[in-house]
Each structure stands twice: as C-alpha cells, then as structure tokens.
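This report refers to the structure that appears directly beneath it.
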Amino acid sequence: MSDTDPRREAAIRRLKAKRDLRTNLVSYVVVNAFLVVIWAVTGANFFWPIFVIGGWGFGLAMHAWTVYGQKPITEEDVTREMQRGGDVVE
C-alpha cells in the first residue's frame, strides 16, 4: 500500500476528525465547568452559562454528526448524481 492510497488518506482524515472532536469535547466540558463555577461563586442568580452551554453544545453536536453520522461520498453517489444531471454549480 503506497502513501498516496486514497483509502489511507481517507482513514487519516477520519482519525484526525475523531481526534479533533475529542479535543472539542474536552474543551467544552472544562470551559463550561469553569463558567458554572464562576456563576456559582458570583451569586448563582440567573443561569447565564446556559447560553454558552447550549450554543457550543449545538456546535459540538453538529461536529459529532459530521464525524460519526455522515456517510462518506462514494463513487456510486457521484455516478448517480451525474446521471441525474441538473444545473452545474460552481
């Protein structure tokens, strides 16, 4: 297997994506825990960290979807789309 094998390159991209997701998840937990501690120490009134938790959580969920939920585009998909025709998008 050569270094330019497309399967190898795809596997490396998937591994990097999984590593990036884990890094994002750890950052999410650490930063949001820190924000909750700040909220608690400063009087624990309105739970303002929910905005960061919710917004970042949505982004994290979308990141996880791209890593684990989306199927890769196959040659069969490309062929099927080419047969459908349609407008050329540039």
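Somewhere in region 13-34, is a residue of a type in the set (S, T, Y), open to solvent by 90 Å² or more (accessible area, probe 1.4 Å) and on the phi < 0 side of the Ramachandran plot?
No, there is no match, as no residue in region 13-34 is of a type in the set (S, T, Y), open to solvent by 90 Å² or more (accessible area, probe 1.4 Å) and on the phi < 0 side of the Ramachandran plot.
If we only count helices (runs of 4 or more DSSP H) wholly inside the chain, which ones have 1 or more residues that are over 13 Å from the mean Cα position of the chain (by Cα), at pLDDT 90 or above and of a type in the set (A, V, I, L, M)?
Qualifying helices (runs of 4 or more DSSP H): 6-41, 49-64.
Within region 47-54, can one find any residue that is open to solvent by less than 80 Å² (accessible area, probe 1.4 Å) and touching a residue at least 24 places away in the same chain (Cβ under 8 Å)?
Within region 47-54 (the criterion being open to solvent by less than 80 Å² (accessible area, probe 1.4 Å) and touching a residue at least 24 places away in the same chain (Cβ under 8 Å)), the answer is no, since none of the residues qualifies.
Kindly evaluate A10 against the criterion of being in contact (Cβ under 8 Å) with a residue 40 or more places away in the chain and surrounded by 12 or more Cβ atoms within 10 Å (Cβ to Cβ).
No; evaluated as a whole, the condition is false for this residue.
The values are calculated or read from the model by the stated rules, or taken from the named source; none is laboratory data. Being a predicted model, the structure only gives us computed values, none of them experimental. Every residue, glycine among them, receives a Cβ derived from its backbone with ideal geometry; neighbour counts consider all protein chains shown. All accessible areas refer to the heavy atoms of the entire protein, side chains included, with ligands and DNA or RNA removed. Shrake-Rupley method; radii C 1.70, N 1.55, O 1.52, S 1.80 Å.
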